[in-house]
Structures are given as structure tokens and as C-alpha cells.
Amino acid sequence: MELTLTRIAKRKSYTIGRLAIDGTYFCDTLEPTWRDIGPGGKGRKILGRTAIPEGRYPVVITRSPKFGKWLPLLLHVPQFTGVRIHAGNTPADTAGCILPGLNRKPGHVLDSTRYVNLLKQRIVEAKERGEGVWITVE
């Protein structure tokens, strides 16, 4: 299964994106501010306030010690650890993680818990079919 997160609005205090599953729109996303911290980038990471670098990452579901529940985890993200896809509504709810939902208000996503649960279900089904799950962030 291929997830694609396309960032469409890079604002001063947040980043809005669109998440697709196998090429079909699934929901919107909210992340912290995007800074070009990748190879050759001129930005620098600010702990807890920087979106992850663009790239392709494997996704697994593990139990989050912080949230006490099973959540998607992105692996091998340069300069980051513990990057999850979890529920939240505002930039204050993410420290580098991806918040899924519906972007109906600037700088916010709504119905986030619903979209986390739907996404988890889709990932589990893919894993049960023996598929790898990857996310490309662009």
C-alpha cells in the first residue's frame, strides 16, 4: 500500500497537506512548519516545531508509549524519532507528527480521531494481505 502526503500550504506556523492511499484522496493533514532541512537545505530543525523531511518511509503500527494506543509509525526519518500519524487538531498537537483530518478551518484539521482509525484499519488490512506500507512525503 502506498500513502502519498502532498504538502499544499506551507505557512509560518503550520503545514497543510493531502493524504492519498494508492493514488486516491483520503484526507487532509496538518504538520508543524516545513523547513528545508534535507540534504542541501538551508533550514534547521527546531525541536517539536518542524515537519519531517520529504522522502519515502516505511510505515508500521506499534503501540505508542506516549499515547497508550496502537498507531502508525514512520521508520527511518532522518533527524527524527517516533514520528506517528495520530489524532490532533492544531499545530500545538504535533511535534513533528502527521495529524489526519479535514481542513475546514485555517491551521486546523477536524474529525482527526475518525481518520486515524480509518487509516489504521486500512494499514492493518494491507499488512494482513502481506503488503508493505510506505508513505512518500512531497
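Say whether the condition of being under 18 Å from THR15 (Cβ atoms), in contact with a Lys or Arg (Cβ under 6 Å, 6 or more places away or on another chain) and either modelled with pLDDT under 95 or polar (S, T, N, Q) (or both) is met by at least one residue in region 88-100.
no
Could you go through region 46-64 and let me know if any residue there is touching a strand residue (DSSP E or B) at 6+ places or on another chain (Cβ under 9 Å), among the polar types (S, T, N, Q) and over 15 Å from THR90 (Cα atoms).
Yes, some residue in region 46-64 is touching a strand residue (DSSP E or B) at 6+ places or on another chain (Cβ under 9 Å), among the polar types (S, T, N, Q) and over 15 Å from THR90 (Cα atoms).
Restricting to region 32-62, what's the tally of residues that are more than 16 Å from LEU3 (Cα to Cα) and part of a strand (DSSP E or B)?
Final tally of qualifying residues: 1.
Would you mention how many residues in region 1-29 are β-branched (Val, Ile, Thr) and either surrounded by 22 or more Cβ atoms within 10 Å (Cβ to Cβ) or under 13 Å from PRO91 (Cβ atoms) (or both)?
The qualifying residues number 3.
Return the pair list, or none, for Cβ contacts closer than 9 Å from residues in region 110-138 that are in contact (Cβ under 8 Å) with a residue 60 or more places away in the chain and under 16 Å from GLY23 (Cα atoms) to residues that are in a loop (DSSP other than H, G, I, E, B) and of a type in the set (Asp, Glu), at least 6 apart or on different chains.
Listed by first residue and then by second, the contacts come to THR136/GLU54; VAL137/GLU54; GLU138/GLU54.
Would you mention how many residues in region 30-86 are crowded, with 16+ Cβ neighbours inside 10 Å, among the β-branched types (Val, Ile, Thr), free of Cβ contacts under 8 Å to residues at least 40 places away in the same chain and closer than 14 Å to VAL133 by Cα?
Number of matching residues: 1.
Would you pick out the residues in region 6-29 that are of a type in the set (Phe, Trp, Tyr), touching a residue at least 24 places away in the same chain (Cβ under 8 Å) and either under 27 Å from VAL124 (Cα atoms) or not in a loop (DSSP other than H, G, I, E, B) (or both)?
Within region 6-29, PHE26 is the sole residue that qualifies.
The values are calculated or read from the model by the stated rules, or taken from the named source; none is laboratory data. Here the structure is a predicted model, which means the values were calculated and not measured. Positions of Cβ are generated from backbone atoms using ideal geometry, with glycine treated the same way; all protein chains shown enter the neighbour counts.
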